[in-house]
Amino acid sequence: MFDPTEIFNKLKLVDQSFYTQEVCREIAGKLDRIVDLKKEKKAVLLAHNYQRPEIFEVADYTGDSLGLSLQAGEVKSAEVIVFCGVHFMAETAKVVSPDKIVLLPNIQAGCSLADTADSDDVADKIDELRIKYPDLGVVCYVNTTAAVKALSDSVCTSSNAVEVVRALPNDTILFLPDENLARYVSNQIPEKEIIPWKGNCYVHQELEPESIHKAREQHPDMQVLVHPECRDDVVELADAVMSTSGMVTFAQNSSAKEFLAVTECGLSDLLTIQVQEKQFYRVCNVCRYMKMITLDNIITSLENLKPEIQLDEETRHGAERSIRKMFELTTSDKVPVSLC
Ligand code: 13P
Ligand code: SF4
């Protein structure tokens, strides 16, 4: 049973005016219901680091895109994966765990970055570029549909994009769909020609250098952690550029006491709860898609085992090939058991 006072003491650190005692009593009741349903349906709950903080309370695993892809392939005993994140992440879970029922509690939870790369347009672009560059390699960020993954040589995530592009034998790479991450990778590997797709994430694109300058004036000792989906005028102000889980590990292990996580606001919520002995300031935006997942739609989804992610086998197989390639190209000793 969840204790409403414990929930209140934790969540008030994030937003005292929203997480009142009354709200936390309701939250505790819903969390209890989810625990019962998870048992009844043999379900595990995977949550991305940008989710609402109350969801972290009931998640079996919270992580970045790479960690979630790994975890989705490790859930041996469960029959159901409830994916608290966005559509492409739930699809990736289905690709690596095809025998499980994968639920996305709100099927509208998409991603405007993934939407910039339609698979037919990507196929046309690859055909066009291969005339000029017969040796073209194609790397897609995990923020893409399974159909786009199936057209690519390898997937990458924000934590291994540089490693993947460096490891591929091709000198010319079409990198999609995030132009900011493409530029970041290109700056790290100037010997390769990176052709960027023209996409970006509205949450990160709208973060401005001025806000970071202002925060630094007020807190000169803070460490600035920036997600590589940000623009280059923001990335160049970073003390470290990393994935969302990279930021959590960095804040936990660093001797610094104050941080600014320049990314989606859920990450600042997570840091505030998980690393209570340190101080986190905010320059962030909210992703409307990530916040479409709520305790209420998790409950409904578990009760009805819907909405379920379905993939045709040809697409799933192609996407699995390029996800497997990512694990082969990187030095991580971890590969999801389902792909071994
Ligand atoms: P990571 O959590 O893998 O760093 O990526 C964040 C993201 O872009 C989710 O949309
Ligand atoms: Fe997509 Fe950006 Fe939201 Fe991530 S933060 S899910 S990239 S819109």
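The values are calculated or read from the model by the stated rules, or taken from the named source; none is laboratory data. Predicted model, so just to flag it, every value in this text is computed and none were measured. Counting neighbours? That spans all protein chains shown, and the Cβs are built from the backbone with ideal geometry, glycine included. Ligands, DNA and RNA are stripped out before the accessible areas are found, and what is left, the full protein with its side chains, is counted by its heavy atoms. Shrake-Rupley method; radii C 1.70, N 1.55, O 1.52, S 1.80 Å.
For the chain, a Gaussian network of Cα nodes joined below 10 Å ranks Asn106, Asn143, Asn187 by mean-square fluctuation, and the top entry is Asn187. With an 8 Å cut-off on Cα pairs and a minimum separation of 6 or more residues, tell me the relative contact order of the chain in percent. Reported as a whole number, the value is 22 percent.
Model label sites at Glu313 and Thr249, defined 7 Å from Cα along the beta-carbon direction, differ in position by 3.7 nm. Highest-first packing order for the peptide set 149-162, 7-20 is 149-162, 7-20, based on the mean count of other beta carbon atoms within 10 Å. Placing R0 at 45 angstrom, the Cβ-Cβ distance between Lys278 and Lys42 gives a FRET efficiency of 0.75 after rounding to 0.05. Karplus-derived 3J(HN,Hα) values for segment 210-220, using 6.51 cos²θ - 1.76 cosθ + 1.60 with θ = phi - 60°, are 4, 5, 6, 4, 4, 5, 5, 4, 7, 10, x Hz; glycine and proline are entered as x.
Residue separation of Asp15 and Asp135 scaled by 0.36 nm, minus their Cα-Cα distance, works out to 38.0 nm of gained length.
Given 10 °C and 1.306 mPa s, how large is the Stokes-Einstein diffusion coefficient of segment 136-282 in µm²/s, with Rh as the Kirkwood radius over Cα pairs? D, rounded to a whole number, is 99 µm²/s.
Rounded to 0.05, the FRET efficiency of the Glu26 and Leu305 pair, given R0 = 22 Å and the Cβ-Cβ distance, is 0.35. For segment 71-165, treating each Cα as an identical point scatterer without solvent, what Debye log10 I(q)/I(0) comes out at q = 0.15, 0.19, 0.21 1/Å? One equal scatterer on each Cα of segment 71-165 leads to -0.66, -0.96, -1.09. In terms of its C-alpha gyration tensor, segment 197-304 has an oblate overall shape, because the principal axis ratio a/c (a ≥ b ≥ c, square roots of the eigenvalues) is not below 1.5 and a/b does not outweigh b/c.
Accessible surface of Tyr184, taken over heavy atoms with a 1.4 Å probe and every protein chain present, rounds to 50 Å². When the surface is traced with a 1.4 Å probe over the full set of protein chains, Ile131 keeps roughly 140 Å² accessible. For Lys94, the lysines whose Cα comes closer than 18 Å to its Cα, not counting residues fewer than 8 places off in the same chain, are Lys41, Lys42, Lys76, Lys149, Lys306, Lys325.
As a rough guide to protection, the peptides 119-129, 239-249, 191-201 ranked by mean Cβ packing within 10 Å, highest first, stand as 239-249, 191-201, 119-129. Taking every alpha-carbon pair under 8 Å whose residues sit at least 6 apart, segment 264-340 reaches a relative contact order of 19 percent. Could you tell me whether the chain comes out rounded, prolate or oblate from its Cα gyration tensor? Rule is a ≥ b ≥ c as square roots of the eigenvalues, rounded for a/c under 1.5, then prolate if a/b exceeds b/c, otherwise oblate. Verdict is oblate for the chain.
Once the gyration tensor of the Cα atoms in segment 1-127 is diagonalised, the equivalent ellipsoid follows with semi-axes of 31, 19, 11 Å, ordered largest first. Straight-distance candidates among the lysines for linking to Lys278, with alpha-carbon spacing under 25 Å and chain neighbours fewer than 8 residues away dropped: Lys10, Lys12, Lys214, Lys257.
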